[in-house]
Amino acid sequence: MNVILLSLSKSIPNKQQLLRGVDASKPKTVQEKAGILERGLIESVSQIAQLKNPDSRVGFYEHTEGAYISLVADCYQGLVTGDIERFTKNMGRKFRRQ
């Protein structure tokens, strides 16, 4: 899994605004990723160019090649935790039909 920490605003970026960050997606262990985050190079890409990426992908490259995810996968459910039953409790009442 790749994780991104991102700060967003409603304003439309101009051509000079950049997305900056450290790409620690290649290392597999926590220790390797921590090392990259501490000492890795800060990469910069055009923020407005990110809008050209398919499927709203965010990355440290100008344009992503490849197919839209909708061509290879189906989504039968929206954004969910997948294990909501473990972390929530249903407090509603059940009514019987008369």
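The values are calculated or read from the model by the stated rules, or taken from the named source; none is laboratory data. In this text the structure is predicted, and so the values were computed from the model without any measurement. Positions of Cβ are backbone-derived with ideal geometry, glycine not excepted, and every protein chain shown enters the neighbour counts.
Tell me which residues, restricted to the stretch 26-41, are part of a helix (DSSP H, G or I), exposed (fewer than 10 other Cβ atoms within 10 Å of the Cβ) and of a type in the set (A, V, I, L, M).
V30
All of (1) part of a loop (DSSP other than H, G, I, E, B); (2) more than 26 Å from L18 (Cα to Cα); (3) at pLDDT 75 or above hold for R86 with one exception: (1). Of the listed requirements (1) at pLDDT below 85; (2) small (G, A, S); (3) in contact with an Asp or Glu (Cβ under 9 Å, 6 or more places away or on another chain), A24 misses just one: (1).
Report, by residue number, each residue of the stretch 42-56 that is part of a loop (DSSP other than H, G, I, E, B) and under 30 Å from L71 (Cβ atoms). Explain how you work it out, then say what you get.
Applying the first criterion (part of a loop (DSSP other than H, G, I, E, B)) to the stretch 42-56 yields 42, 47, 53.
Of everything in the stretch 42-56, those that are part of a loop (DSSP other than H, G, I, E, B) and under 30 Å from L71 (Cβ atoms) turn out to be Q47, N53.
Candidates in the stretch 57-83 are the residues that are under 30 Å from E43 (Cβ atoms), of a type in the set (G, A, S) and in a loop (DSSP other than H, G, I, E, B); of these, the one that is modelled with the lowest pLDDT is G66.
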